[in-house]
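The values are calculated or read from the model by the stated rules, or taken from the named source; none is laboratory data. On a predicted model such as this, the values are computed, not experimentally measured, just so you know. Cβ atoms come from the backbone with ideal geometry, glycine included; neighbour counts cover every protein chain shown. Surface areas here come from the heavy atoms of the whole protein model, side chains and all, with no ligands, DNA or RNA. Shrake-Rupley method; radii C 1.70, N 1.55, O 1.52, S 1.80 Å.
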Amino acid sequence: MPAELTGRELEAAGVLTGVTPADGGFAYAPSREGTDIVTIRPGYGLWIGGEEVEARSGRAITTVNPATEEPLAEVAEAGPEDVDLAVAAARRAYEQGWRDLPGKERAKVLYRVARQLQERARELAVLETLDGGKPIKESRDVDVPLAAAHFFHHAGWADKLDWAFANRTPAPLGVVGQVVPWNFPLLMAAWKLAPALAAGNTVVLKPAETTPLTALLLAEVLDEAEVPPGVVNIVTGGGATGAALVSHPGLDKVAFTGSTTVGRQIQEALAGTRTRLTLELGGKAANIVYDDAAIDQAVEGIVNGIFFNQGHVCCAGSRLLVQESVAELVVDKLKRRIATLRVGDPLDKNTDVGAINSAEQLGRITALVDAGVEEGGERWQPACTLPERGWWFPPTVFTGVSQTSRIAREEVFGPVLAVLTFRTPEEAVAKANNTPYGLSAGVWSEKGSKVLWTAERLKAGVVWANTFNKLDPTSPFGGFKESGFGREGGLHGLEPYVSLGRR
Ligand code: NDP
């Protein structure tokens, strides 16, 4: 099909409305990843002091496969007493050895964790997809390898801390409470654990209520890697468990990734205490496409920016800012590309867009999309058949969006793109920065000087040039404004886990 066809012509040709075998298209044969490699037990306890223990609370939550709505397992819900025990176990492990272990010994442990994550990569990827709904190709090619990479990277730092901060002597902080969300359950746990452990801290980690299973499998991995008992403790549960953990007086530091609303509550709870805090919160990233960009490459970047992990990504490129002179071309090409995305069974290796993580999240996405239509935005979705069971949302593009509309301002955290246009670089920068968030941004142009001019003016922690959603353990990641404070990754990500004394 010639590349210069307009959206309307493509629609007439059947590309944008979907082609079925009956219309003369190809029949599709799924390529489903097997699940035999994963053993899911009916019930799980908490991981405290190097062993699985029953929750004193006596309560449990059910974790569900979002692609089928079928229950996967019952998982203990930690109450305040359980959190107390976990913090006490972490304190003992800290004082009785981990903080004083020579860096090279901690490094060996972390290298073993990284190797063991690689050994069990397929199992972890399948479990992540079952519990969270993300496409297997993403959990297999992104989440698990990057989680291992974070442990490798920080293992490398563990014996070099004395040289990491010029003229400063780093010391661990103590016991760290970490709360992670459901969009990258294993990867976020790795982002949090690896630097904390490398620096000599011990941890109590709380995974999200809807995605606890890979964190519990990680407990097994840590055990196999001979992480000493109590160095990492995992307390499962919902928001109340998270609140009990972050406000525990026995913590020296809290690290949180999640919504800005909960981040704000945590900051209020810790105000006036001696507990240190880092927050990695929401985002509403601008993806700026100039008229001199390589358009086909930019279209791939836009698709990756917003539809990767169903748009459940804090740094997702959810606001496309496209130069007016190429807007029609870009939007046409984008629709044509989106029409080829495969939405459905996350275990199918060809699936591009998997299930929405929970019924609640689907409700939030639907409400914001409805608001977008009410506010006058033009909604476009490709023709795609969604599975009958499970929680799904089709890839969605909004045009005719104003800067003030909710769809352009609020974090949807779903596969929904708002398209705005601009005429000059100054206008692009002003519109990109017109958000309470400041986590990430993208710039597409063939001219390096224009990319740098733009990047310098964007108020975002990460700016990608001619690419998007590239994450690397050596590179700091974190936000400005309401996207939080503190960095994760690289040397910058180690700093929040140490106190720096004068040499
Ligand atoms: P939350 O911020 O509520 O969840 C993130 C983590 O914090 C989870 O482990 C959660 O537990 C825990 N938590 C919830 N309440 C508290 C509390 N008071 N104190 C300590 N920890 C707590 O996000 P949601 O899952 O509710 O999602 C809501 C919206 O947040 C999404 O639509 C999205 O816009 C945004 N979000 C942004 C993320 C990001 O990375 N920027 C990540 C996740 C969500 P549990 O899940 O068990 O309740």
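Structure data summary
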{"item": "Check on Val126, open to solvent by less than 10 Å² (accessible area, probe 1.4 Å) and more than 30 Å from Ala359 (Cα to Cα)", "result": "no"}
{"item": "Every residue from the range 437-461 that is within 20 Å of the chain's Cα centre (by Cα), away from the ligand (no atom under 13 Å from the Cβ) and open to solvent by 10 Å² or more (accessible area, probe 1.4 Å)", "result": "Ala460"}
{"item": "Residue count, the range 247-292 (criterion: farther than 30 Å from Ala432 by Cα, assigned to a loop (DSSP other than H, G, I, E, B) and either within 10 Å of the ligand (Cβ to nearest atom) or of a type in the set (Gly, Ala, Ser) (or both))", "result": "4"}
{"item": "Subset of the range 409-435 that is exposed (fewer than 14 other Cβ atoms within 10 Å of the Cβ) and charged (D, E, K, R) - its residue that is nearest to the ligand (Cβ to nearest atom)", "result": "Glu426"}
{"item": "From Val412, Val451, residue being part of a loop (DSSP other than H, G, I, E, B) and hydrophobic (A, V, I, L, M, F, W, C)", "result": "Val412"}
{"item": "Residue check, Arg406 of a type in the set (D, E, K, R), away from the ligand (no atom under 15 Å from the Cβ) and under 26 Å from the mean Cα position of the chain (by Cα)", "result": "no"}
{"item": "Matching strands (runs of 3 or more DSSP E) fully within the range 162-227 where at least 2 residues are touching a strand residue (DSSP E or B) at 6+ places or on another chain (Cβ under 7 Å) and within 14 Å of the ligand (Cβ to nearest atom)", "result": "175-179, 202-206"}
{"item": "Residues that are part of a helix (DSSP H, G or I) and polar (S, T, N, Q), drawn from the range 301-340", "result": "Asn304, Asn309, Gln310, Ser325"}
{"item": "First in the range 316-329 and closer than 10 Å to Thr399 by Cβ and open to solvent by 10 Å² or more (accessible area, probe 1.4 Å), second anywhere and in a loop (DSSP other than H, G, I, E, B) and among the hydrophobic types (A, V, I, L, M, F, W, C), Cβ under 6 Å, 6 or more apart", "result": "none"}
{"item": "Positions within the range 379-391 being open to solvent by 20 Å² or more (accessible area, probe 1.4 Å), more than 16 Å from the ligand (Cβ to nearest atom) and in a loop (DSSP other than H, G, I, E, B), in sequence order", "result": "Gln381, Ala383, Cys384, Thr385, Leu386, Pro387, Glu388, Arg389"}
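So that you can scan it fast, the table gives a plain yes or no per residue for (1) touching a residue at least 24 places away in the same chain (Cβ under 8 Å); (2) buried (at least 16 other Cβ atoms within 10 Å of the Cβ); (3) within 29 Å of Ala90 (Cα to Cα); (4) more than 24 Å from the chain's Cα centre (by Cα):
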| residue | (1), (2), (3), (4) |
| --- | --- |
| Ala27 | no, no, no, yes |
| Glu33 | yes, yes, no, no |
| Asp36 | no, no, no, yes |
| Ile40 | yes, yes, yes, no |
| Gly45 | yes, yes, yes, yes |
| Gly49 | yes, yes, yes, yes |
| Ala60 | no, yes, yes, yes |
| Pro66 | yes, yes, no, no |
| Pro71 | no, no, no, no |
